[in-house]
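This report concerns only the one structure given below.
The values are calculated or read from the model by the stated rules, or taken from the named source; none is laboratory data. Note that the structure is a prediction, hence the values are computed from the model and not measured. We place every Cβ from the backbone using ideal geometry, glycine too, and count neighbours over all the protein chains shown.
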Protein chains: 2
Amino acid sequence: MLADQASHTVDAFHRGRFYLLQPAAKGHRSGVDAMILASVVQNEFSGRVADLGAGAGAAGLAVLARCERASAVLIERSGFMAAFARESLALPENAAFSGRSEVIEADVTLTGKARNAAGLADNSFDFAIMNPPFNLPTDRSTPDPVKAEAHVMTQGMMEQWIRTAAAIVRPGGAIGIIARPTSITELLDALKGRFGGLVIVPVQPRPQEAAIRIVIKGTRGSRAGLTLSPALIMHHETGNGFTERADAINNGLTSLF
Amino acid sequence: MLADQASHTVDAFHRGRFYLLQPAAKGHRSGVDAMILASVVQNEFSGRVADLGAGAGAAGLAVLARCERASAVLIERSGFMAAFARESLALPENAAFSGRSEVIEADVTLTGKARNAAGLADNSFDFAIMNPPFNLPTDRSTPDPVKAEAHVMTQGMMEQWIRTAAAIVRPGGAIGIIARPTSITELLDALKGRFGGLVIVPVQPRPQEAAIRIVIKGTRGSRAGLTLSPALIMHHETGNGFTERADAINNGLTSLF
């Protein structure tokens, strides 16, 4: 029950097309990264999406809001965050998703029978999306353990997360990842032999600035080569407003591909 | 002697600041890729550059033409192409480089004593640049065996080339690579533990088109993270002219970094 939990906020996303109940101070608060990740799923997508490490469910809900024939399973290890995801799905404002969404409280790094037993059956998804923790353990740490758990990437975590994605996504299904550029070597190594036809989109704050994120989309079992697409530019050379494309993506009006 | 060889052309680069003697039909003919590769070396560079797989020497000569305090060693396995490199250096138009350039006819994949004996001593260079062969053996092959040798990447070649670069470049020295985006996983794996502080620059034909090349610069022994820089855009959305930046790079008026 949320009354027992930390104070929370209810935030509108996609100009009010869905709402998210999030912890006000503790835990991970979602924003633009989750909206960009969700945009990896194409508009016409129809099928079952796994949101791995879903937090309060921002990316999964963003997919449901834009793709009317999608269903989503929000997978989150932290009971604290999973409770927010359940409450988000229960909000009356999100009633449109009630028949096509669920929360599974499970660790993405589970393997084999334990993973299946948790509800993550092999080849049972058409798409997996993930925004894995991206701080190195050596980065300045946060005093909040829930936030730290959401943000700190441990050794081999990319490999473990992508291994799970490869297990639960059917052949021909897809993966979408948002991560820091510095993780690219680890990501590509983990994707190798599992997902191919990779498309990388750098995400730059401004036209003249280096990427702060990369988005990768791949196809399970594909042997096609890699594409390095033009960057998604969030802001113009100066000023705080979004570019037209960034605004459309942030508000669920278009997909990245 | 070239009189015995295939017909050749003498081509001006950098608006006449250096010339290249190249085979007219057989072998690899250099162009914009070599000029972009050379631009990885910063304007103020002073030191010894290894041009690995130099062909007729386009990239190495482009560095010499822009960086007056640089010296270059052109390393080329093909005797046919190395002869063109020697003749290029001997052209009166290239007299300015005569005291600071040489050709070594050697295979970049040599190791250990054989590599040292060929003139590629450990830690003896400040910079290594390379434009490795990039066609897969399964790509449509060319009937010209010299051109095929210059263009076909064999299994493990990236690893072998970068291993040589790591051996001959001193700690703190640099590597510059131009390659196809599809080689990025293999490149990053080969660079890992050898060159760090990587900076990747996508090269896009036009703003709206995917990259056709990537340029990677790295520092020997650095443990710094990776940067994904804004793309170098060669042409505008329409039309055949170079962008201002591409023109400056192609003509040796600026460095990429």
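For the stretch A:93-130, how many residues meet the condition of being under 17 Å from A:Ala56 (Cβ atoms), of a type outside the set (D, E, K, R) and at pLDDT 95 or above? Going through the stretch A:93-130 one residue at a time, the tally reaches 9. Counting only residues that are touching a Leu at 6+ places or on another chain (Cβ under 9 Å) and more than 8 Å from chain B (Cβ to nearest Cβ), the stretch A:223-249 holds 7 of them.
Consider B:Val203 carefully, then state whether it is within 10 Å of chain A (Cβ to nearest Cβ), under 15 Å from A:Ser229 (Cα atoms), under 18 Å from the mean Cα position of the chain (by Cα) and in a strand (DSSP E or B).
Spelling it out, B:Val203 is indeed within 10 Å of chain A (Cβ to nearest Cβ), under 15 Å from A:Ser229 (Cα atoms), under 18 Å from the mean Cα position of the chain (by Cα) and in a strand (DSSP E or B).
Looking only at residues in the stretch A:158-189 that are of a type in the set (Lys, Arg) and more than 14 Å from A:Ser222 (Cα to Cα), the one that is farthest from the other protein chains (Cβ to nearest Cβ) is A:Arg163. Of all the criteria given as (1) in a helix (DSSP H, G or I); (2) modelled with pLDDT under 95, the one not satisfied by A:Ile249 is (2). Residues that are farther than 17 Å from B:Val203 by Cα and within 10 Å of another protein chain (Cβ to nearest Cβ) do occur in the stretch A:211-222, at least one of them. Taking the conditions exactly as written (assigned to a loop (DSSP other than H, G, I, E, B), hydrophobic (A, V, I, L, M, F, W, C) and out of contact with any Lys or Arg (no Cβ under 7 Å at 6 or more places or on another chain)), does A:Ala148 satisfy them or not? So A:Ala148 does not fit the description; no. B:Arg170 fulfils the conditions (1) within 24 Å of B:Ala114 (Cβ to Cβ); (2) free of Cβ contacts under 8 Å to residues at least 40 places away in the same chain; (3) among the basic types (Lys, Arg) except for a single criterion, (2). Just one of the listed residues (B:Glu186, B:Glu237, B:Glu159, B:Glu209) is touching a residue at least 24 places away in the same chain (Cβ under 8 Å) and part of a loop (DSSP other than H, G, I, E, B), and it is B:Glu237.
Evaluation of B:Lys192 against the conditions (1) within 13 Å of another protein chain (Cβ to nearest Cβ); (2) in contact (Cβ under 8 Å) with a residue 12 or more places away in the chain shows that the sole unmet condition is (2). Within the span defined as the stretch A:138-155, every residue fails to be within 16 Å of the chain's Cα centre (by Cα), within 23 Å of A:Lys217 (Cβ to Cβ) and at pLDDT 95 or above. Among the criteria (1) part of a loop (DSSP other than H, G, I, E, B); (2) surrounded by 15 or more Cβ atoms within 10 Å (Cβ to Cβ), the one B:Ala224 does not fulfil is (2). Scanning the stretch A:169-183 for residues that are closer than 16 Å to A:Leu232 by Cβ and not in a loop (DSSP other than H, G, I, E, B) turns up A:Gly176, A:Ile177, A:Ile178, A:Ala179, A:Pro181.
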